[in-house]
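Here the structure is laid out as structure tokens; the discussion comes afterwards.
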Amino acid sequence: MITDDEAPDPDRFGVSPERGFLPDVTPRSSLDRDAHPRLRRLDELGERLPSLLERDELGPKVRDLSAPPRDVFDELSDRELYHVYRTTGFLANAYVNDPDADVETIPAGVAVPLYESTDRLGCTPVLSYDAYVLHNWTRDGPEQGLAPPNVRPIAKFASLRDERWFIAVHVAIESAAGPAIAAIGDAQRGVLDDDTDRVLRALHTITDALREVTAILDRMPERNAPEKYGRAFRPYLNSLTNVEYEGVPELDGYQSYRGASGAQSSFVPALDAALGIDHGDNPLVDHLHELRKDMPPAHRAFVEAVEDGPSLRDHVDHADDALRGAYNDCIDQLVTFREHHVDVVETYLVNQLDDAEGTGGTPYGRFLTSFTDDTRNSRLSSG
């Protein structure tokens with residue numbers, strides 16, 4: 001528990017000052033050659049997933065897999081476990097959510113490694129945002145950083161460029177948010193030390209990062225057509241509802257888990273907590289708190305630490321106009337991001353699919369607009 005005389009240290013929570021909630025090290029794209037043969041076979045299936053789905057050949061391949069021995073997973077590093085989690089998460093979602101399939105059980109060859117990897121990582125045994133985005137990228141050229149054109153997903157459901165771009169934009173957003181996430185600790189430490197300059201610099205950093213994040217979000221339509229998103233790969237991101245995990249006695253009976261969703265990202269909840277934005281009590285607030293269970297444990301702990309830390313808003317409210325102005329600039333830029341996000345949701349979900357929920361079951365509707373209003377109403381009046 002972080003108390004009012006402490007501020008969260010990003011390093012303690014595995015948060016990178018440069019990349020935010022993305023891992024510092026590029027995720028693994030394959031396992032070593034000496035990995036267990038059954039894990040290597042999973043790798044091979046994961047690499048072929050788009051073509052197997054196109055040819056309607058995935059089902060028999062998944063059912064033909066044998067589960068690796070459980071003690072194999074004790075020897076894997078977290079980076080390797082995330083690789084297994086990503087691979088089996090994609091396979092499980094594709095197998096269950098295939099529009100042409102009618103299945104209620106995930107075969108043991110996928111269910112067991114999915115459970116064993118996520119259990120050791122403290123994650124939910126389903127493809128969530130962390131495996132679909134945070135640990136699912138590599139770069140065409142390291143010198144170009146993580147701008148969307150330079151990012152390639154390691155795993156995907158479709159061979160279309162649209163899914164590559166969809167994931168790449170999310171990866172780039174998380175990376176661009178990194179300085180803002182790191183600045184939260186600086187801002188709260190400045191509050192504790194009554195260091196106005198430190199707080200001011202942190203607020204400027206958050207505003208600049210949010211401006212860059214919004215510019216990246218605006219690039220979503222460049223190479224991701226709404227109809228391709230809605231028909232080609234979004235169905236595989238849906239929740240797993242009433243399915244059995246064969247060979248996993250810890251998951252007895254039918255299980256239901258939420259699908260991968262941007263609402264499982266930690267960067268906006270962390271900024272809301274840092275800026276002291278109150279969204280009141282409505283179904284979306286309750287749902288978003290439920291979605292925190294799908295965040296990586298360290299990221300969830302970071303958000304909670306920010307919430308428990310010193311109040312930046314109260315500090316600025318008793319400060320001079322320069323600090324209030326910098327705080328309000330943060331608020332204004334977060335409002336802009338939220339407005340642009342609503343536009344993206346309307347373009348890809350409302351207009352294209354007439355869908356009332358996100359892939360994580362998020363009942364967005366009018367509540368996204370209310371979140372924007374809550375943020376706008378958080379501006380401080382001049383002293």
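Observations on the model:
- Residue within the stretch 193-200 that is surrounded by 23 or more Cβ atoms within 10 Å (Cβ to Cβ) and either closer than 24 Å to HIS83 by Cβ or touching a Leu at 6+ places or on another chain (Cβ under 9 Å) (or both) present: yes
- ILE206 in contact with a Cys (Cβ under 9 Å, 6 or more places away or on another chain) and assigned to a helix (DSSP H, G or I): yes
- In the condition set (1) among the small types (Gly, Ala, Ser); (2) outside any helix (DSSP H, G or I); (3) in contact with a strand residue (DSSP E or B) (Cβ under 8 Å, 6 or more places away or on another chain); (4) crowded, with 19+ Cβ neighbours inside 10 Å, SER29 is compliant with all but (4).
- Whether a residue is open to solvent by less than 30 Å² (accessible area, probe 1.4 Å), over 25 Å from LEU160 (Cα atoms), modelled with pLDDT of 95 or more and in a helix (DSSP H, G or I) was assessed, and LEU53 does not pass this test.
- Here HIS204 fulfils each of the conditions (1) in contact with a strand residue (DSSP E or B) (Cβ under 7 Å, 6 or more places away or on another chain); (2) surrounded by fewer than 22 Cβ atoms within 10 Å (Cβ to Cβ); (3) not hydroxyl-bearing (Ser, Thr, Tyr) apart from (1).
- None of ARG79, ARG86, ARG41 is under 18 Å from ASP130 (Cβ atoms), basic (Lys, Arg), open to solvent by 10 Å² or more (accessible area, probe 1.4 Å) and not in a loop (DSSP other than H, G, I, E, B) except ARG79.
- Counted residues, the stretch 269-325 - those being of a type in the set (S, T, N, Q) and either modelled with pLDDT under 95 or not in a loop (DSSP other than H, G, I, E, B) (or both): 1
- Filtered residue count, the stretch 241-259, keeping only those that are β-branched (Val, Ile, Thr) and open to solvent by 30 Å² or more (accessible area, probe 1.4 Å): 1
- Residue check, LEU121 under 30 Å from PRO68 (Cβ atoms), open to solvent by 10 Å² or more (accessible area, probe 1.4 Å), of a type in the set (A, V, I, L, M) and touching a Phe, Trp or Tyr at 6+ places or on another chain (Cβ under 7 Å): yes
- PHE166 satisfies every condition listed in (1) surrounded by 23 or more Cβ atoms within 10 Å (Cβ to Cβ); (2) out of contact with any Phe, Trp or Tyr (no Cβ under 7 Å at 6 or more places or on another chain) except (2).
- Residues (in contact (Cβ under 8 Å) with a residue 24 or more places away in the chain, open to solvent by 30 Å² or more (accessible area, probe 1.4 Å), part of a helix (DSSP H, G or I) and among the basic types (Lys, Arg)) located in the stretch 211-240: ARG211, LYS228
- Scanning the stretch 89-113 for residues that are under 18 Å from LEU39 (Cβ atoms) and either within 18 Å of the chain's Cα centre (by Cα) or outside any helix (DSSP H, G or I) (or both) turns up GLY89, PHE90, ILE106, PRO107.
- Any chance VAL248 is in contact (Cβ under 8 Å) with a residue 60 or more places away in the chain and assigned to a helix (DSSP H, G or I): no
- Residue that is hydrophobic (A, V, I, L, M, F, W, C), under 22 Å from the mean Cα position of the chain (by Cα) and closer than 18 Å to SER266 by Cβ, where the choices are LEU146, LEU240: LEU146
- From PRO149, PRO179, residue being in a helix (DSSP H, G or I), open to solvent by 10 Å² or more (accessible area, probe 1.4 Å) and closer than 21 Å to PRO221 by Cα: PRO149
- Apart from one condition, LEU81 fits all of (1) under 19 Å from the mean Cα position of the chain (by Cα); (2) more than 23 Å from GLU244 (Cα to Cα); (3) not hydroxyl-bearing (Ser, Thr, Tyr); the exception is (2).
The values are calculated or read from the model by the stated rules, or taken from the named source; none is laboratory data. A quick note: this is a predicted structure, and the numbers were derived from the prediction, not measured. Please note: Cβ atoms are built from the backbone with ideal geometry, for glycine as well, and neighbour counts cover all protein chains shown. Keep in mind that these areas ignore ligands, DNA and RNA; they rest on the heavy atoms of the full protein, side chains included. Shrake-Rupley method; radii C 1.70, N 1.55, O 1.52, S 1.80 Å.
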